[in-house]
Amino acid sequence: GADLTVPRLLLGYRTGVFPWTTGPVTWWSPDPRAIFDLAQIHVPRSLERTLRKAGFRITFDQDFPRVIQACAQAPRCGSPTWITPEFISAYLELHRAGHAHSVEVWLGNELAGGLYGVAIGGFFAGESMFHRQTDASKVAVVAMARRLQAEGFVLFDTQMVTPVTRSLGAREIPRVDYLRRLAAAVDQPKAWGASLKSNEAK
């Protein structure tokens, strides 16, 4: 129940739940919970070659609206997307409030892939990703993980393991362990943008 206002969404993420449907709003807390260990992201050799040679360009928060719209339109193996217009509106508000962020993967001037999620303190919850070019969503995950690690994040939540996230090192942990890690992560000072501020100070 409840709503998808910014305060409600932040309270949900802080306490380990995330919304998945509207009408009514339902909140989920899987057990086990899937995470990436930021220091152990697995990048297969073929993906390393793609990162070096495919000509992808990476940006962050350059076009959050297009990323979430593309995620909503991505194929879901015949299942309807949970990213409804209500979700899009709610996460756009969360983005404007400085809590939702995106990574964009460009090929030339075309958006080839991307990922968006929610950041609180040293915690990042990956929400959804998409690709229009082979491996572009994997590139988005790796780019986001590397930024999070550089900025001192301690928890990268991916909710549930999928074939793509498993190939990059996602693993499941008991919910009780996840909640312990979450409590420590959200109590950290705001980490998003820390590396940019550090570079500006040099």
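Since every read-out is calculated from the coordinates, none of them should be taken as a lab result. Keep in mind that this is a model prediction, so the values were computed, not measured. Cβ atoms come from the backbone with ideal geometry, glycine included; neighbour counts cover every protein chain shown.
Taking a virtual spin label 7 Å from the Cα of Asp187 along the C-beta vector, which residues in segment 114-153 bring their backbone nitrogen under 13 Å of it? Counting only backbone N, you get 122. Comparing mean-square fluctuations of Phe156, Phe124, Phe60 from a GNM of the chain with C-alpha springs under 10 Å, the top value falls on Phe60.
Assuming a ≥ b ≥ c are the square roots of the Cα gyration tensor eigenvalues, decide whether the chain counts as rounded (a/c under 1.5), prolate (otherwise, with a/b larger than b/c) or oblate. It comes out rounded by the Cα gyration axes. In order along segment 109-121, phi translates into HN-Hα couplings of 9, 9, 6, 8, x, x, 8, 9, x, 10, 10, 9, x Hz, rounded to whole numbers, per the Karplus curve 6.51 cos²θ - 1.76 cosθ + 1.60 with θ = phi - 60° and x for Gly and Pro.
Name the residue from Thr81, Leu9, Ala136 whose Cα lies farthest towards the positive end of the charge dipole of the chain, charges +1 on Cβ of Lys and Arg and -1 on Cβ of Asp and Glu. Farthest along the dipole direction, towards plus: Ala136. Here segment 63-196 is assigned +1 on the Cβ of each Lys and Arg and -1 on the Cβ of each Asp and Glu. Its dipole about the Cα centre then comes out at about 260 debye.
Projecting label points 7 angstrom from Cα along Cα→Cβ for Ala54 and Asn109 puts them 2.2 nm apart.
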